Amino acid sequence: MSRDAIIDQGYEAYTDQDHETWRLLFERQAAMLPGRAAPEFVDGLDALGVDAGGIPNFERLSDRLEDATGWRIVAVQGLISDEVFFDLLSRRRFPVTNWIRKPEQLDYLQEPDCFHDCFGHVPMLFNPVFADYMAAYGRGGLKALRLGALKNLARLYWYTVEFGLIATPEGLRIYGAGIVSSKGESIFALDDPAPNRLAFDLMRIMQTDYIIDHFQQTYFVIDSYDQLFEATRPDFSPYYDELKGKPAISPDTVLETDRRV
Ligand code: HBI
Ligand code: FE
């Protein structure tokens, strides 16, 4: 079923302008991320960094990634169905959109492009624990689809893989792809007094709505990738049953039971 979604990257079709857009975004973000992004992200970026000269060739990048964690990148046209997305993740294939944004869209895009997918997501896939978490997430996604609990599980992806923060001895750091690939949000998420930064809580997250059209009002902070992986080890079926009767928590709410970080 995933076969239909996978396309050729079409590397030769990229224009000089496309590569220039990648370089601009890459250099802008890479310069800002030391001291902001998680050390594991920065390490992963080094592996990708040899391609700072332009859009990475997915096959060559996949060869390096596969050596590290067994993951490969596959090119897709854009958003793919939930089922295909989860099926790919469960088989350690990460879908990366092949096209890159236009120069006039450097700061904001509605849908993921090659820069978000590749720069934002691929570095963390070089980390063995995070890589295992992502594959487990894919398996969990297929199951959540069958159980009608996708909404709950999608929130977990949103608040970890896309917008997660991690506590380190040096302070809070970003590991979420949606933050590291955005200039504005990589500053906002750490420095702005407005958003809530709450300790990771699986059930709480799976109950919390999210906003997709501006910076987050709440970020959840993990202590380690092991914590993340361990939290997703149990069978979620009883969790979904428990969540079914509960109303959603709005993105800006802080509960008495929340721990601020
Ligand atoms: N497709 N290309 C692409 N990228 C995604 O991140 C993605 C998707 N399809 C579905 C999907 N994500 C959701 O299922 C998850 O965000 C939960
Ligand atoms: Fe993403």
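The values are calculated or read from the model by the stated rules, or taken from the named source; none is laboratory data. Just so it is clear, the model here is predicted, and its values are computed rather than measured. Every residue, glycine as well, gets a Cβ built from its backbone with ideal geometry; the counts of neighbours run over all protein chains shown. Just so you know, the surface numbers come from the protein's heavy atoms only, side chains and all, with ligands and any DNA or RNA stripped out. Shrake-Rupley method; radii C 1.70, N 1.55, O 1.52, S 1.80 Å.
Here are some notes:
- Projecting the Cα atoms of His19, Pro234, Leu65 onto the dipole axis of the chain, where Lys and Arg carry +1 and Asp and Glu carry -1 at the beta carbon, places Pro234 farthest toward the positive end.
- Separation in nanometres of the label points that stand 7 Å from Cα toward Cβ, at Ala194 and Arg146: 4.3
- Approximating the spin labels as points 7 Å out from Cα along Cα→Cβ, the Glu27-to-Lys244 distance works out to 5.6 nm.
- Estimated inter-spin distance, Val254 and Glu20, nm [label 7 Å along Cα→Cβ]: 4.6
- Under the convention that each Lys and Arg Cβ holds +1 and each Asp and Glu Cβ holds -1, the size of the dipole of the range 32-95 around its Cα centre is about 40 debye.
- Trp71, Trp158, Trp99, ranked by accessible area, largest first (probe 1.4 Å): Trp99, Trp158, Trp71
- Based on Cα contacts under 8 Å between residues 6+ apart, the range 1-146 shows a relative contact order of 30 percent.
- For the chain, a simple Cβ point-charge model (Lys and Arg +1, Asp and Glu -1, everything else neutral) yields a dipole of about 620 debye relative to the Cα centre.
- C-alpha center-to-center spacing [the range 213-243, the range 98-120] in angstrom: 26
- Integer Hz, Karplus 6.51/-1.76/1.60 couplings in order for the range 239-254, x for Gly and Pro: 4, 4, 4, 5, 6, 4, x, 9, x, 5, 9, 6, x, 9, 7, 10
- Measuring nothing but how far apart in sequence close Cα pairs (under 8 Å, 6+ apart) lie, relative to its length, the range 133-180 scores a relative contact order of 24 percent.
- Placing unit charges on the Cβ atoms of the charged side chains and taking the dipole of the range 2-243 about its Cα centre, the candidate lying farthest along the positive direction among Gln217, Leu190, Ala31 is Gln217.
- The chain: relative contact order as a whole-number percent, Cα under 8 Å and 6+ apart: 19
- Under a model in which nothing but the beta-carbon of Lys, Arg (+1) and Asp, Glu (-1) is charged, the range 1-132 shows a dipole of about 180 debye around its Cα centre.
- The alpha-carbon of Lys244 sits under 21 angstrom from the alpha-carbons of these lysines, leaving out residues fewer than 8 places away in its chain: Lys143, Lys151.
- Note on the chain: dipole from Cβ charges, positive end direction compared against Ile100, Leu165, Gly120; the farthest Cα belongs to Leu165.
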